[in-house]
Amino acid sequence: MADTSNKGRSGNKKQLPKNAFSYSGKFSSPKISGVSKDNRHIVNYEDIKMGAMVVHFQKFNAEEDVFWQPWSKHLDENPEVKEELKISAIVYCRGEDGQTEMPNAPGSEYSRRQLLCVIGEDANTPTLREEVAKTIVDNFNDFATHDNFCYP
């Protein structure tokens with residue numbers, strides 16, 4: 001089978017389309033003592049109009065979605081957990097034009113996903129958005145065990 005990846009090819013690397021959201025809200029993670037490089041996934045969150053926010057996971061070393069299919073399935077099977085976490089839907093990331101799906105990586109057939117959370121227009125403050133994002137991260141981390149993931 002021919003290699004269709006763009007790794008190692010200089011000047012021929014496909015560019016991902018630019019996302020419509022800047023994802024400016026990022027956690028400032030505490031340093032892990034004794035570790036030279038922090039290899040934990042990153043959670044980004046951004047408020048959008050009308051009392052909603054999006055939450056997006058990203059690998060520590062690339063602009064790619066993390067593997068969270070088991071947790072996504074768990075959320076779909078447990079609507080009460082989604083409601084508790086204020087997750088209204090799991091949607092695909094779209095480009096600046098609002099139509100183009102964001103591929104997970106150049107050449108990937110899979111699109112990046114994000115969580116759409118409705119928190120209310122009056123309550124949509126930076127403090128509440130951070131609380132919602134932290135609650136989501138805590139739930140994800142509690143679920144990310146060897147029982148649910150090969151590499152938690």
**Item:** Every residue from the range 97-125 that is closer than 13 Å to PHE57 by Cα and assigned to a loop (DSSP other than H, G, I, E, B)
**Value:** ASN104, ARG112
**Failed item, numbered, when ARG40 is tested on (1) touching a Cys at 6+ places or on another chain (Cβ under 7 Å); (2) modelled with pLDDT under 85; (3) closer than 23 Å to TYR151 by Cβ** = (1)
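Scan the range 78-96 and tell me whether some residue there is at pLDDT below 85 and in a loop (DSSP other than H, G, I, E, B).
Yes, there is a match, as at least one residue in the range 78-96 is at pLDDT below 85 and in a loop (DSSP other than H, G, I, E, B).
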**Request:** Collect the residues in the range 112-137 that are exposed (fewer than 13 other Cβ atoms within 10 Å of the Cβ) and under 26 Å from MET102 (Cβ atoms), keeping them in residue-number order.
**Result:** PRO126
**Item:** Within the range 138-152, considering residues that are touching a residue at least 24 places away in the same chain (Cβ under 8 Å) and part of a loop (DSSP other than H, G, I, E, B), the one surrounded by the most Cβ atoms within 10 Å (Cβ to Cβ)
**Value:** ALA144
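The values are calculated or read from the model by the stated rules, or taken from the named source; none is laboratory data. The structure displayed is predicted, hence computed values, not measured ones. Virtual Cβ from ideal backbone geometry, glycine too; neighbours counted across all protein chains shown.
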